[in-house]
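The values are calculated or read from the model by the stated rules, or taken from the named source; none is laboratory data. As the structure is a prediction and not an experimental result, all values here were calculated from the model. Note that each Cβ is placed from the backbone with ideal geometry, even for glycine, and that neighbours are counted across all protein chains shown.
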Amino acid sequence: MFLVAAALAAAVLFTTTGPAADRADAAAVRTWADEFDGAAGSAPDSSKWTLETGGGGNGNNELQYYTKSTDNAALDGRGNLVITARKNTDSGLRCWYGACQYTSARLNTAQTFTQAYGRFEARIKIPRGQGVWPAFWMLGDDLGSAGWPNSGEIDIMENVGKEPGAVHGTIHGPGYSGGGGIGAAYTLPGGKAFADDFHTFAVDWSPEAITWSVDGQNYQTRTPADVNGKKWVYDHPFFLILNLAVGGDWPGSPDASTSFPQTMTVDYVRVSASDSSGSTGGGTGGTGGGASRTGAIRGIGGMCVDVAGASDADETPIQLHDCNGVDAQKWTLGSDGTVRALGKCLDVKGGSTADGAAVQLYRCNGTKAQQWVYTSARDLTNVGADKCLDARGNSAADGTRLQIWTCAGTANQKWTVG
């Protein structure tokens, strides 16, 4: 079983905003974000999030009572939102099964932000343990009128604690909901656990397809053909949800091995627009550079942008190399403004803005040193420095290192993607 929506108390009327300033040359247009900057112990921003309450089980026989308390959802003062599941000490809280055993939090943007299409991304460190169930997901903005599952559900990330190395991405709609949802799992290599570190979970959603990724690695794509003649309901705005459930039909209940409190730590949530995106509420709406595109990046002399030694280690230099089609030369220009290969991001070393600053591969962290704009003039410009990707010394030699430099329109700063 997958997450099932609790009914909203009332339908919300959403009005589409007009287009933002023309950014057709940009790789992405940010329409909404929460970086969770604020004082330690403060509540989530109420202009962005609504905290749900109740212990009705959410259609899944979950065991937690969702509260508005900062004991269950608060900023940590280090740029994170922490959602905490605790053993309940309030005898007055009643759940569907009697006295509530646990408290936790669930946040949504139903009344503040919705969007159709684009990139929806969060960087999260999940909890661990049998019976814990963290999720980052979306529901259709017509939930109040159409009901679930007719409104649609996109689960960007779900984890059940008994599977520490796996997360699930799923769609639910009419005729393919609950246990019949359509999706796939992504498993970390080498027996690693998601609870050991932060990971970036995202979907890139267009009218034709939804693609899921973990740390920049795409692992499934769903299209209208996948619903086998049933209705494809991913054609209207959705809102965002973050929650940490305890127990339920899918994960099962906590056992003696599960310690509490458990925390789901969210570094950021970001939404970017694609060509077809329509956002309401906190976003600006508008026209961006389109959905993600993947392929070789060719520069001066027809040479390819390449990760030296095909290494995915942080700080690996980026260079020119003869084009050979290997993964070290397959780059994704994401709708979020990143340029990714081997699961990591193209990065200006040290966040430098100086001419000659080296470009490297580094774990994706959302900084401006990893934000790029690919223009119609074929410049690849770093947002943080406002400078162009540049082949040193105007050279096309194999092994030429790449850097940033003041944009000059020269051949060593021109790039072709795909």
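Among the candidates Ala411, Ala369, Ala396, single out the residue that is farther than 12 Å from Gly299 by Cβ and in the same structural domain as Gly334 (by TED's automatic domain parsing).
On the way: Ala411 fails: farther than 12 Å from Gly299 by Cβ; Ala396 fails: farther than 12 Å from Gly299 by Cβ.
One residue alone meets the criteria, Ala369.
Residues are listed down the side, and each one gets a yes or a no for (1) part of a strand (DSSP E or B); (2) in contact (Cβ under 8 Å) with a residue 24 or more places away in the chain:
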| site | (1), (2) |
| --- | --- |
| Gly161 | no, yes |
| Pro164 | no, yes |
| Val167 | yes, yes |
| Thr170 | yes, yes |
| Ser213 | yes, no |
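Report, by residue number, each residue of segment 68-109 that is within 23 Å of Gln130 (Cβ to Cβ), out of contact with any Lys or Arg (no Cβ under 9 Å at 6 or more places or on another chain) and touching a residue at least 12 places away in the same chain (Cβ under 8 Å).
Matches in segment 68-109: Val82, Thr84, Ala85, Arg86, Lys87, Asn88, Leu93, Cys95, Trp96, Tyr97, Arg106.
Out of all the residues in segment 354-365, which are at pLDDT 95 or above, in a loop (DSSP other than H, G, I, E, B) and on the phi < 0 side of the Ramachandran plot?
Correct list: Ala354, Asp355, Ala357.
Is it the case that some residue within segment 137-149 is modelled with pLDDT of 95 or more and among the hydroxyl-bearing types (Ser, Thr, Tyr)?
Scanning segment 137-149, I find no residue that is modelled with pLDDT of 95 or more and among the hydroxyl-bearing types (Ser, Thr, Tyr), so the answer is no.
Just one of Asp336, Asp314 is among the acidic types (Asp, Glu), in a loop (DSSP other than H, G, I, E, B) and surrounded by fewer than 20 Cβ atoms within 10 Å (Cβ to Cβ); which is it?
Result: Asp314 is the single residue among Asp336, Asp314 that is among the acidic types (Asp, Glu), in a loop (DSSP other than H, G, I, E, B) and surrounded by fewer than 20 Cβ atoms within 10 Å (Cβ to Cβ).
Identify, please: which residue in segment 116-136 is of a type in the set (Lys, Arg) and in a strand (DSSP E or B) and is, among those, farthest from Lys162 (Cα to Cα)?
So, considering only residues that are of a type in the set (Lys, Arg) and in a strand (DSSP E or B), the one farthest from Lys162 (Cα to Cα) is Arg119.
Can you tell me which residues in segment 354-376 are out of contact with any helix residue (DSSP H, G or I) (no Cβ under 9 Å at 6 or more places or on another chain) and among the hydroxyl-bearing types (Ser, Thr, Tyr)?
Listed by number, the residues that qualify are Tyr374, Thr375, Ser376.
I'd like to know if segment 21-38 contains one or more residues that are on the phi > 0 side of the Ramachandran plot, loosely packed, with under 14 Cβ neighbours inside 10 Å and modelled with pLDDT of 95 or more.
For segment 21-38, residues on the phi > 0 side of the Ramachandran plot, loosely packed, with under 14 Cβ neighbours inside 10 Å and modelled with pLDDT of 95 or more: absent.
Can you tell me which of Asp155, Asp235, Asp215 is of a type in the set (D, E, K, R), in contact with a Gly (Cβ under 9 Å, 6 or more places away or on another chain) and at positive phi?
Answer to the selection: Asp215.
Would you please list the contacts, defined by Cβ atoms under 6 Å and residues six or more apart or on different chains, that run from a residue in segment 215-243 that is in contact (Cβ under 8 Å) with a residue 12 or more places away in the chain and assigned by TED's automatic domain parsing to the domain that holds Trp331 to a residue that is surrounded by fewer than 15 Cβ atoms within 10 Å (Cβ to Cβ) and outside any loop (DSSP other than H, G, I, E, B)?
From segment 215-243, no pairs qualify.
Out of Ala185, Ala195, Ala202, report the one residue that is closer than 23 Å to Pro127 by Cα and either free of Cβ contacts under 8 Å to residues at least 40 places away in the same chain or assigned to a loop (DSSP other than H, G, I, E, B) (or both).
Answer to the selection: Ala185.
What pairs can you find where one residue is in segment 115-139 and without any contact (Cβ under 8 Å) to a residue 24 or more places away in the chain, the other is part of a strand (DSSP E or B), and their Cβ atoms are less than 6 Å apart, with a gap of 6+ or different chains?
Pairs found: none.
Looking at segment 202-212 only, could you name the residues that are hydrophobic (A, V, I, L, M, F, W, C) and touching an Asp or Glu at 6+ places or on another chain (Cβ under 7 Å)?
Let us first name the residues in segment 202-212 that are hydrophobic (A, V, I, L, M, F, W, C), namely 202-203, 205, 209-210, 212.
Residue satisfying the conditions is Ala202 alone.
Please find, among Ala184, Ala116, the residue that is in contact with an Asp or Glu (Cβ under 8 Å, 6 or more places away or on another chain) and over 25 Å from Asp255 (Cβ atoms).
Values: Ala184 fails: in contact with an Asp or Glu (Cβ under 8 Å, 6 or more places away or on another chain).
Exactly one of Ala184, Ala116 is in contact with an Asp or Glu (Cβ under 8 Å, 6 or more places away or on another chain) and over 25 Å from Asp255 (Cβ atoms), namely Ala116.
Restricting the search to segment 294-305, which residues are closer than 18 Å to Asn394 by Cβ and part of a strand (DSSP E or B)?
Result: Ile297, Arg298, Cys304, Val305.
Among residues belonging to segment 387-418 that are of a type in the set (Val, Ile, Thr) and assigned to a loop (DSSP other than H, G, I, E, B), point out the one that is surrounded by the fewest Cβ atoms within 10 Å (Cβ to Cβ).
Within segment 387-418, the match that is surrounded by the fewest Cβ atoms within 10 Å (Cβ to Cβ) is Thr406.
Here is a check on your reading of the model: is Thr84 at pLDDT 95 or above, in the same structural domain as Ile241 (by TED's automatic domain parsing) and outside any strand (DSSP E or B)?
For Thr84, the condition - at pLDDT 95 or above, in the same structural domain as Ile241 (by TED's automatic domain parsing) and outside any strand (DSSP E or B) - is not met.
Given the criteria assigned by TED's automatic domain parsing to the domain that holds Pro261 and loosely packed, with under 15 Cβ neighbours inside 10 Å, does Asp155 qualify?
The answer is no for Asp155.
Considering only segment 366-386, how many residues are buried (at least 16 other Cβ atoms within 10 Å of the Cβ) and either at pLDDT 95 or above or under 28 Å from Phe198 (Cβ atoms) (or both)?
Number satisfying all stated conditions: 13.
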